[in-house]
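Q: Quick one: structure below, then a few questions.
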Amino acid sequence: MELLDWFQKGLSLHEYIGGMKVNKDEMMGIYDRFSLSDKEKARLAEFKDTGMKVIVLTEDWCGDAMLNNPILLKIAEEAGMEVRFILRDQNLELMDQYLTHGTSRAIPIYIFIDEAGKEKAVWGPRAKQVQEMVDDGRSKLPAQNAEDFKDKQMSMYRRLTASYQEDSKIWQFVADSIVDAIVSGK
């Protein structure tokens, strides 16, 4: 399938939110509290109403999607981009074309396409600074075979999820990173 076909197959925002079973309130909480900076709005001005579209590979259970999707939605609104959501686990044919480091089905992945369906930029699954936070947290975990590994790992994920919902600096890192990808076309 071509990217434009995938886009047309995707769920609208209303359909995606309506089907969410996990992280709906958390995602909408970020959406309600996040605003783009004037600098980001200015950087997006050249893309306004150009017919650019976004395919979002995601799942509602994903903490990174909970953080990134509402920020992407604000960016898309500002630039007049249509957004469609593709559920990763039901669409591995597309997902496997956008593996992180060639091996990982990490999400979310944002595929920006023009009106004709040509890929213009790809972003995901995390902003560089957020990846550094995750890497730092993982580096402090005990060995995977340690008795307390699972408990410590879950505790780390809970802390990350809480910071994703509350730390506006993290939101800004994500917004800057996505806007950079759009503007640079990478």
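Q: Mind listing which GluC sites (Glu not before Pro) in the stretch 40-136 are in a DSSP loop and have 13 or fewer other Cβ atoms within 10 Å?
A: Filter output for the stretch 40-136: Glu115.
Q: OK, next. Which value at 222 nm does the chain reach when only helices count, each DSSP H run of 4 or more adding -39,500 (n - 2.57), with the total divided by all residues and rounded to the nearest 500 deg cm²/dmol?
A: Taking each H run of at least 4 residues, the total per residue is -16000 deg cm²/dmol.
Q: Can you compute the FRET efficiency between Asn145 and Asp96 using 1/(1 + (r/R0)^6), with r the Cβ-Cβ distance and R0 = 25 Å? Round to the nearest 0.05.
A: Step by step, r from the Cβ atoms, then E = 0.25.
Q: Convex hull over the Cα atoms of the chain, averaged projected area in nm²?
A: 10.8 nm²
Q: Let me ask another. Where does helix 149-166 land angle-wise versus the long Cα axis of the chain, in degrees 0 to 90, nearest 10?
A: Tilt of helix 149-166: around 40 degrees.
Q: Expressed as an acute angle from 0 to 90° and rounded to the nearest 10, what is the orientation of the C-alpha long axis of helix 24-33 relative to the principal long axis of the chain?
A: Roughly 60 degrees, rounded to the nearest 10.
Q: Please determine, in degrees from 0 to 90 and to the nearest 10, the orientation of helix 168-184 with respect to the longest principal axis defined by the Cα atoms of the chain, where the helix direction is its Cα long axis.
A: 40 degrees
Q: With each label point set 7 Å from Cα along the Cα-Cβ vector, what nm distance links Ser155 and Val22?
A: Output for this residue pair reads 2.2 nm.
Q: Something else about it: Below 8 Å between Cα atoms, with a sequence gap of 6+, how large is the relative contact order for the stretch 1-89 in percent?
A: Here the relative contact order equals 44 percent.
Q: Determine the distance separating the Cα centre of the stretch 46-86 from the Cα centre of the stretch 119-186; give it in Å without decimals.
A: After rounding, the separation between the Cα centres reads 18 Å.
Q: In nm, give the distance between the simple-model label positions of Thr50 and Ser168, each being 7 Å from the Cα along the Cα-to-Cβ direction.
A: Those two pseudo-labels are separated by 2.9 nm.
Q: Another one. R0 = 41 Å: FRET efficiency of Lys9 with Asp135, Cβ-based, nearest 0.05?
A: Given R0 = 41 Å and the Cβ-Cβ separation, E is 0.75.
Every number in this text was worked out from the coordinates using simple rules, so none of it is lab data. Given the structure is predicted, the values throughout are model-derived calculations rather than measurements. In this analysis, Cβ positions are derived from the backbone assuming ideal geometry, glycine residues included, and neighbour counts consider all displayed protein chains.
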